[in-house]
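What follows is a single structure, written as structure tokens, with notes after it.
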Amino acid sequence: MRNWLLPEYIEDVLPAEAAQIEHLRRSLLDLFEVHGYQFVIPPMMEYLESLITGVGHDLDLATFKVVDQLTGRLMGVRADITPQAARIDAHMLNNQGVTRLCYAGSVLRTNPDGLAQTRQPMQLGAELFGHAGVEGDIEIQRLMIKTLQASGVKALQIDFNHVGIFDALMKNTDPVFEKQLYQALQSKDQTEVKALTKDFDAVTRDALCALTELNGDVAILAEAAKRLPKSPAITKALAELLQVSNQLKDLDVGVSFDLAELRGYHYHSGMVFAAYAQGCPGPLALGGRYDEVGQAFGRARPAAGFSLDLRGLVKALPRSNVKQCILAPYGNDDSLIKKIDELRKSGEKVVQELPGHEAYVDELNFNRKLKNLDGVWQVIAA
């Protein structure tokens, strides 16, 4: 048996990529901090009901289950940190005003997904709780854009939809039928949409068929206002989408709308969005409003947030060069040790050579050496 083999879609992250991921993680958490988002570290495992209640069947399927040896209860390994953040806000912090939380940690999923095609993404995200207005959505969207731009992503395109439009058209329908219609809309299969809605009234049927065609720039919002029913919920949703497009103009991103894109509609309750970049086969980040999730923990709170996979994001970026080190000779000389400490405190990467490994120093990836010149330790080119 080859004991070094790992399960499918589970991989080691080796030094070069790990260094890039960790540098990005630190810088993005610093960005969240200056925007007022507090860092939390939820556990890797929880009782299953707290991980999947109120967030739809898809997350249940993505979650690994184990039996707790202490209690006999079923536990889950987290597949998404967002419900954990909602639990912390609703039950642990119990704030009455706005709460801003952020996180970064590994999750485990039963099937690979995302740009990295891994079952162990490193999820990083930010969540805003306690504000029901569109201002909260805009704050989260702007933070997502700044996050991706700070990571080095160029030519961002943000795609928007609003779950409220679909909900307004689908009141009191069977969940199984709703899922079939959702799948038809996702694939923009107008023929299937017509077949599924043949018993609907003409206004609703035409509106659902129109969703498959309502995608493009901000101009489609005006077209949607003409083709969709004039219900308060739909009017409000279209107004919020228009407001968002106006509020993001200063960030140098493309904005588009796809009213048939219903990713996550099982638990999202308002605006949903995804960030794309040229050359990337899938979204770099996903987000939206999910006002009802906190209800599973005893306190429904308005909530909006976004998350991304750091491993997938790094794969979409140019490979950064690993910082080369300074090679210092082995020795116990006080002046040598003092010089090494000074260099490290200044941010330099210094590796001290150990005796007997002279033949392998090239493996240390150094471009400078520390050498004693006229009694003074100096850094010179290798």
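The values are calculated or read from the model by the stated rules, or taken from the named source; none is laboratory data. Since the structure is predicted, the reported quantities are computational estimates derived from the model, not experimental observations. Heads up, the Cβs are rebuilt from the backbone with ideal geometry, glycines too, and the neighbour counts pull from every protein chain shown.
Give the residue, chosen from Leu115, Leu181, Leu214, that is of a type in the set (A, V, I, L, M, F, W, C) and over 23 Å from Ala277 (Cα atoms).
Numbers: Leu115 fails: over 23 Å from Ala277 (Cα atoms); Leu214 fails: over 23 Å from Ala277 (Cα atoms).
It is Leu181.
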Mind listing whichever residues of region 78-106 are within 23 Å of Ile145 (Cβ to Cβ) and among the β-branched types (Val, Ile, Thr)? Ile81, Thr82, Val98, Thr99
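Looking at Arg87, Arg26, which is the one that is closer than 30 Å to Val322 by Cβ and not in a strand (DSSP E or B)?
Working: Arg87 fails: closer than 30 Å to Val322 by Cβ.
Going through Arg87, Arg26 in turn, the sole match is Arg26.
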Show me the strands (runs of 3 or more DSSP E) entirely contained within region 192-307 in which 1 or more residues are free of Cβ contacts under 8 Å to residues at least 24 places away in the same chain. 285-289
Restricting region 187-198 to residues that are surrounded by fewer than 15 Cβ atoms within 10 Å (Cβ to Cβ) and not small (Gly, Ala, Ser), the residue that is nearest to Asp258 (Cα to Cα): Thr191
Somewhere in region 72-91, is a residue surrounded by fewer than 14 Cβ atoms within 10 Å (Cβ to Cβ) and in contact with a strand residue (DSSP E or B) (Cβ under 9 Å, 6 or more places away or on another chain)? yes
So which pairs qualify, if the first residue must be in region 95-120 and over 25 Å from Val34 (Cα atoms), the second must be aromatic (Phe, Trp, Tyr), the Cβ gap must be under 7 Å, and the two must be at least 6 apart or on different chains? Leu108/Phe64; Thr110/Phe64; Pro112/Tyr9; Gln117/Tyr9; Thr118/Tyr9; Arg119/Tyr9
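Take the residues of region 48-85 that are within 18 Å of Arg301 (Cα to Cα) and among the hydroxyl-bearing types (Ser, Thr, Tyr): which is modelled with the highest pLDDT? Can you show your working first?
Let us first name the residues in region 48-85 that are within 18 Å of Arg301 (Cα to Cα), namely 50-56, 81-85.
Okay, now just the ones that are also among the hydroxyl-bearing types (Ser, Thr, Tyr), so 50, 53, 82.
Details: Ser50: 86, Thr53: 72, Thr82: 93.
Among those that are within 18 Å of Arg301 (Cα to Cα) and among the hydroxyl-bearing types (Ser, Thr, Tyr), it is Thr82.
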Tabulated pairs, region 138-160, first touching a residue at least 24 places away in the same chain (Cβ under 8 Å), second of a type in the set (Val, Ile, Thr) and in a loop (DSSP other than H, G, I, E, B), C-beta under 6 angstrom, 6+ apart or interchain: Ile145/Val253; Leu156/Val253; Ile158/Val253
Take Pro329 and decide whether it is touching a residue at least 12 places away in the same chain (Cβ under 8 Å) and outside the structural domain of Asn161 (by TED's automatic domain parsing). yes
Determine whether region 223-233 contains at least one residue that is farther than 30 Å from Val13 by Cβ, crowded, with 19+ Cβ neighbours inside 10 Å and out of contact with any Phe, Trp or Tyr (no Cβ under 9 Å at 6 or more places or on another chain). yes
